[in-house]
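*Asks:* Please see the structure below; I have some questions.
The values are calculated or read from the model by the stated rules, or taken from the named source; none is laboratory data. Only a predicted model underlies this, so the values are computations on that prediction, with no experimental measurement involved. Quick reminder, even Gly has a Cβ in these numbers, built from the backbone with ideal geometry, and neighbours come from all protein chains shown. Note: accessible area is taken over every heavy atom of the protein model, side chains too, but ligands, DNA and RNA are not part of it. Shrake-Rupley method; radii C 1.70, N 1.55, O 1.52, S 1.80 Å.
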Amino acid sequence: MSCAIAAGSGTAVAVPPPPPNPSDAELDASRRAANSKAGAVGQLTSQLAEAESRLSNLHADVELKMEEANKALVDMRTAQDEATQAEREANAARSASDAAAAAIERVRADLDNFVAGSYQQGSTIGSMSAYLGSDSPKDLLDRAQLLDAVSGSKMDALESMQRARTTKSNKDAAAREALEIAEQKRAEAEQAKDAADAAQQAAVAAQRAQAARAAEVEAEKDAVERQLYAAQSRVNGLEGQRQRYEDWQAQKRAEEAERARQAALEAAANNNSSSNNSGSGGGAPPRSRPSAPAGTGIETIVARAMSQLGVIYAWGGGNASGPTRGIRDGGVADQHGDYRKIGFDCSGLMIYAFAGVKSLPHYSGYQYNSGRKVPLSQARRGDMLFWGYDGGRIHHVALYLGNGQMIEAPYSGARVRVAPVRYGGIMPYATRLVG
């Protein structure tokens with residue numbers, strides 16, 4: 001440690017060394033490295049957006065294929081039921097036809113026996129024994145009429161049964177035809193079900209592959225974002241060192257000027273004998289402290305936000321003290337389990353970042369009106385950027401870092417990240433709370 005002898009004193013006063021002063025080349029190199037990482041993050045963000053868009057489309061395709069598979073299943077079951085019913089009807093028609101044929105054969109056999117008996121007795125009417133037993137002409141006539149009626153009824157029954165057989169045969173043929181059509185429909189329905197199942201499996205496989213690709217890109221982006229954060233931290237560190245060095249130089253010049261002024265006052269006092277004992281020269285004003293480096297408040301806000309990189313998104317989460325448990329929304333956030341996570345949503349991250357400057361409400365729409373509006377083209381580091389839709393209703397907020405970069409808590413399932421500013425849907429004004 002170097003020492004110096006204070007003027008007019010023999011006491012050695014320790015003089016601290018100056019703070020490190022990074023060279024312009026080091027600063028430029030660190031900035032280029034950060035910009036390179038920021039560009040890589042931007043590219044990966046675009047790739048991730050494309051991958052997530054593709055994944056969303058594939059998800060919709062899977063849902064469609066699942067519905068088509070459900071439809072094919074319903075159609076197949078309906079066709080199977082119709083085929084089963086047609087088979088039952090065909091079996092019933094076949095049984096009825098067989099029964100009619102059997103009845104015809106019985107009637108035919110009875111008629112054959114009747115006719116055979118009649119011819120054996122030498123009469124076309126019937127057995128002679130049926131007449132010999134009569135005890136009067138009237139009884140004989142009654143018996144003849146009865147036998148004639150019996151033979152006629154058997155002929156009528158035969159014809160009736162033959163007609164029934166024909167009808168049953170026609171119904172049997174129609175039932176067989178209906179069964180063939182039903183079986184064909186069932187086969188077609190089963191083929192459609194198989195095709196729908198295959199399409200669904202293919203869609204699910206494509207979705208899984210795309211999800212893996214999206215996860216791969218996101219992991220790569222996260223890694224580069226960490227590198228970006230490290231590079232930006234190095235830039236901030238070197239710029240902070242440069243600022244502290246410049247502040248040290250300014251303070252040193254101010255102290256030297258103050259010492260020169262004190263020396264001039266002392267010399268003037270010594271030359272004025274009338275004021276040797278008045279002490280008028282000892283009334284010099286106290287030294288003024290150097291002012292805080294410009295942008296300190298903004299850098300504190302940025303540093304607070306950057307300290308939360310990688311924290312999980314939780315809808316409704318975050319306050320002035322840090323991440324908090326999310327809340328239910330009855331929709332997407334619940335599907336991601338945000339109410340079980342400790343993290344930030346977009347407006348919660350802003351509450352934490354600006355905690356030392358202003359208390360902000362936990363709603364991006366109110367945050368938009370919490371400070372001075374500046375045109376987007378004049379936005380600078382530390383301003384809040386907003387996005388809206390449907391007449392300008394605010395739905396998202398992020399902290400602008402400068403150089404086209406921002407830090408945000410983006411959406412359920414993601415984490416606090418640095419990303420290129422998205423200009424689609426962005427509001428025309430930024431909100432400034434500092435400066």
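*Asks:* Given H placed 1.01 Å from N in the peptide plane, which residues other than close sequence neighbours of Gly413 have an amide H under 5 Å from its amide H?
*Replies:* Residues meeting the criterion, in which the H sits 1.01 Å from N, are Tyr313.
*Asks:* Taking a 1.4 Å probe, which of Trp315, Trp387 shows the most accessible area, and what order do the others take after it? Don't jump to the answer; show the numbers that get you there.
*Replies:* Numbers: Trp315 95, Trp387 10 Å².
From most exposed to least exposed: Trp315, Trp387.
*Asks:* Using +1 on the beta carbon of Lys and Arg, -1 on that of Asp and Glu, and nothing else charged, what's the dipole of region 314-435 about the Cα centre, debye to 20?
*Replies:* On the way: 14 positive and 7 negative charges, 64 e Å.
Magnitude of the dipole: close to 300 debye.
*Asks:* Considering only protein heavy atoms, with the full assembly of protein chains and a 1.4 angstrom probe, order Thr167, Thr431 by accessible area, largest first.
*Replies:* Details: Thr167 65, Thr431 0 Å².
Sorted descending by solvent-accessible area, the residues read Thr167, Thr431.
*Asks:* Report, to the nearest whole %, how much of the accessible area of region 171-247 belongs to carbon and sulfur atoms, 1.4 Å probe, protein only.
*Replies:* Details: 2220 of 4500 Å².
On region 171-247, the fraction of accessible area on carbon and sulfur atoms equals 49 percent.
*Asks:* Taking just the C-alpha trace of region 53-111, give me its Rg and Dmax in Å.
*Replies:* Calculated on Cα positions, Rg and Dmax stand at 25.3, 86 Å.
*Asks:* Report, in whole Å, the centroid distance computed from the Cα atoms of region 375-432 and region 297-326.
*Replies:* Taking the Cα centre of each part, region 375-432 and region 297-326 sit 15 Å apart.
*Asks:* Amide H neighbours of Gly317 under 5 Å, counting only residues 5+ apart in sequence or on other chains, H built in-plane at 1.01 Å?
*Replies:* Here Ile327, Asp345 satisfy the definition.
*Asks:* How would you classify region 292-398 from its alpha-carbon gyration tensor, with a ≥ b ≥ c the square roots of the eigenvalues: rounded for a/c under 1.5, else prolate if a/b is greater than b/c, otherwise oblate?
*Replies:* Details: a/c = 2.36, a/b = 1.34, b/c = 1.76.
Since a/c reaches 1.5 but b/c is at least a/b, the shape of region 292-398 is classed as oblate.
*Asks:* Expressed as a rounded percentage, what relative contact order does region 293-428 have, with Cα pairs under 8 Å and six or more residues apart?
*Replies:* Working: 279 pairs, mean separation 34.0, N = 136.
25 percent.
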